[in-house]
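**Student:** Encoded as structure tokens, here's the structure I'll be asking about.
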Amino acid sequence: MTTPHVSPELLAMVMRGDLPPRTLVTLVRNHLSDLCPDCRQAFETLEAGNGMTRAMSAPEGARTANGYATAFDRATGKALRQAGRLRDQRSEAGRDLRELLSLDPGERERRVERAHRRFRSPQLAALLLAESGRRVGSDPDAARRLARLAQCVLARVTAPDAGSWVSGLEVRALAIEANALRAGGDLTAAGGLFRRSRALLAKHPSNDCEVYAEVASLEASLRQDQRRFAEAERLLARAVLLYRQAGRDDGVAKALIQKGAVHRLVGEPMAALECLEDAARCIDAEQHPDLFLCSVSNRALCLCDLDRHQEAEALVAAQRQRFASARNPWSRLRLRWLEGRILHGLGDEAAAERRLLEARDGFLAAANDFNAALVSLDLAVLYLEQGRGAELKELAAGMGQAFRARQVQREEMAALLLFQQAVAAERVTAHAVRRLRGFLEHSREDLTARCAMPA
């Protein structure tokens, strides 16, 4: 059987430190042995011999083998030295990140600018961007500051062989900052930064498909918030294609989940379900458990939209243990919320109320007021159907407090005020509450937050 060829993905894994350099060298050797009889003979001679003297006194084939040995020894040595440098740089970058995060946000950039030798590595910039991505859902302003700090670090990189990597990181930093601005509600500024990131890619093209895919995926979130859904869908289709070319199944899955959210938002639950089922097939549940549960959650919600509550119940029940054992701290709350929605659809109103109250109280205890307000809207539908006006007015008042604390967009606050006025006048309907919930669910939550709890 022919040995697999050396793919760009494998090389990237070695350069990222996911595989040792010797793995790549071994694969190159085996591949050459399979394809070339001379190489095979040379390597067999190498394995039989044990040194320069024997190689030089052996027949011509063995001397040729010694040449191969020398070349591979040089290549292996260079790869090992490079791997050692990368390990040292990653370790140093980790220390630098911890020091910067320990400082007041306003002091971090001054610390970078004052340093003569430290805080100048692409590895540190990459870690800052990863940290920015983790914070965008909970603190968009902190995420924006970290993306800006990454750009400050990249402006000081002096490594002579880091050119293409730095260019890709610069593009990503602009796009991640743009996404943080979007999550914070400044859609105009976000659009300007996305234009800058595309201009930078045009000026300095990259062979890294993932850079283009990430920019497309993040810009799709902006178009979604702007209600430009056709553009969002085109960008996500591009992201799916590019992630597939890069061999990143997790990226494909994220883009498909996001595409499913767009379909669901415009009232196409069947198309959304198809996207989410495609996403689930891309995900290794053991390797990416949170992403897998995200696909399960959103598929269950689509089934509820289609009034297929029994299928939703079976889907969630099959993954209940995975929800319970997930590393994500929101998994139990997410499960309670889903169960509440499903039980309501199945007609078990008492059990649905218990689950929804557990989810709402859990979100409030975790200071996640926005998701507590969304769960409250599910409770509002239930109370409306049962004619429980007093509980409904209490819910509406609590949502107002949550939204004021969150400093939401004017459109969101206006929608909430209309809801409160309708509740006070006893003119609100279940259909209106569901429309408000759909608007708020998709208004400003980024993909990371949507993957952490139901959309």
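**Student:** Quickly run through segment 212-233 and pick out the residues that are surrounded by fewer than 22 Cβ atoms within 10 Å (Cβ to Cβ) and either under 17 Å from D278 (Cβ atoms) or assigned by TED's automatic domain parsing to the domain that holds L174 (or both).
**Tutor:** E233
**Student:** Let me confirm something: among A62, A143, which residue is out of contact with any Phe, Trp or Tyr (no Cβ under 6 Å at 6 or more places or on another chain), at pLDDT 60 or above and part of a helix (DSSP H, G or I)?
**Tutor:** Answer to the selection: A143.
This table checks each residue for (1) over 23 Å from G137 (Cβ atoms); (2) in the same structural domain as F292 (by TED's automatic domain parsing); (3) at pLDDT below 80; (4) under 27 Å from the mean Cα position of the chain (by Cα).
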{"site": "L333", "(1), (2), (3), (4)": "no, no, no, yes"}
{"site": "L343", "(1), (2), (3), (4)": "yes, no, no, no"}
{"site": "A350", "(1), (2), (3), (4)": "yes, no, no, no"}
{"site": "L364", "(1), (2), (3), (4)": "no, no, no, yes"}
{"site": "A367", "(1), (2), (3), (4)": "no, no, yes, yes"}
{"site": "N371", "(1), (2), (3), (4)": "no, no, yes, yes"}
{"site": "V375", "(1), (2), (3), (4)": "no, no, no, yes"}
{"site": "Y383", "(1), (2), (3), (4)": "yes, no, no, no"}
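**Student:** Ok, one more. Give all pairs with beta carbons closer than 8 Å in which a residue from segment 425-445 that is closer than 18 Å to C304 by Cα meets a residue that is surrounded by fewer than 19 Cβ atoms within 10 Å (Cβ to Cβ) and modelled with pLDDT of 70 or more; count only pairs at least 6 apart in sequence or on separate chains.
**Tutor:** Matching pairs, first to second residue: A430/E385; A432/A422.
**Student:** Check whether at least one residue in segment 180-195 is of a type in the set (D, E), surrounded by 19 or more Cβ atoms within 10 Å (Cβ to Cβ) and either in the same structural domain as K259 (by TED's automatic domain parsing) or within 18 Å of R135 (Cβ to Cβ) (or both), and report yes or no.
**Tutor:** Scanning segment 180-195 turns up no residue that is of a type in the set (D, E), surrounded by 19 or more Cβ atoms within 10 Å (Cβ to Cβ) and either in the same structural domain as K259 (by TED's automatic domain parsing) or within 18 Å of R135 (Cβ to Cβ) (or both).
The values are calculated or read from the model by the stated rules, or taken from the named source; none is laboratory data. Because the structure is predicted, anything quoted here is derived from the model rather than measured. Please note: Cβ atoms are built from the backbone with ideal geometry, for glycine as well, and neighbour counts cover all protein chains shown.
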